[in-house]
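Working notes, structure below.
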Amino acid sequence: MRDFFIRWMERLINVAVILGAIGVFLAGGTVFLEAPGGEGLLMALVVWLVGALYLFLVAGLIYLGLGIYNNTRRTAEAVEQLVARS
């Protein structure tokens, strides 16, 4: 049951990252189209850059946490196998 929740959490995180990327892209596009004067491109580039950095940071930390969980689980299984051999 625990593996079920972890697997689905990974899938939900993947969906959230994809939706976040789409949101950053659309936000930059909206700024580009709605900005006054000729500053639209610069403002859109800033939105895309900051949004992408934020998304990479948050998603990277979440995936790092899942990786630590998976490594801990595998280490515990390996230790259990070593103890069973002894």
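A few remarks follow.
- Of everything listed in (1) outside any helix (DSSP H, G or I); (2) closer than 21 Å to L66 by Cβ, the single unmet condition for A21 is (1).
- Here L12, L33, L41 are screened, and the one residue that is in contact with a Gly (Cβ under 8 Å, 6 or more places away or on another chain) and part of a helix (DSSP H, G or I) is L33.
- Answer from Y69, Y54 - the residue that is within 15 Å of the chain's Cα centre (by Cα) and open to solvent by 50 Å² or more (accessible area, probe 1.4 Å): Y54
- The set of residues in region 57-66 that are surrounded by fewer than 13 Cβ atoms within 10 Å (Cβ to Cβ) and of a type in the set (G, A, S) comprises G60, G65.
- Verdict on A44 being surrounded by 14 or more Cβ atoms within 10 Å (Cβ to Cβ), in contact with a Ser or Thr (Cβ under 9 Å, 6 or more places away or on another chain) and of a type in the set (A, V, I, L, M, F, W, C): yes
The values are calculated or read from the model by the stated rules, or taken from the named source; none is laboratory data. Since we're looking at a predicted model, the values are computed, not measured. All Cβ positions, even for glycine, are placed from backbone atoms using ideal geometry, and neighbour counts span all protein chains on display. These accessible areas exclude ligands, DNA and RNA; they are computed on the full protein's heavy atoms, side chains included. Shrake-Rupley method; radii C 1.70, N 1.55, O 1.52, S 1.80 Å.
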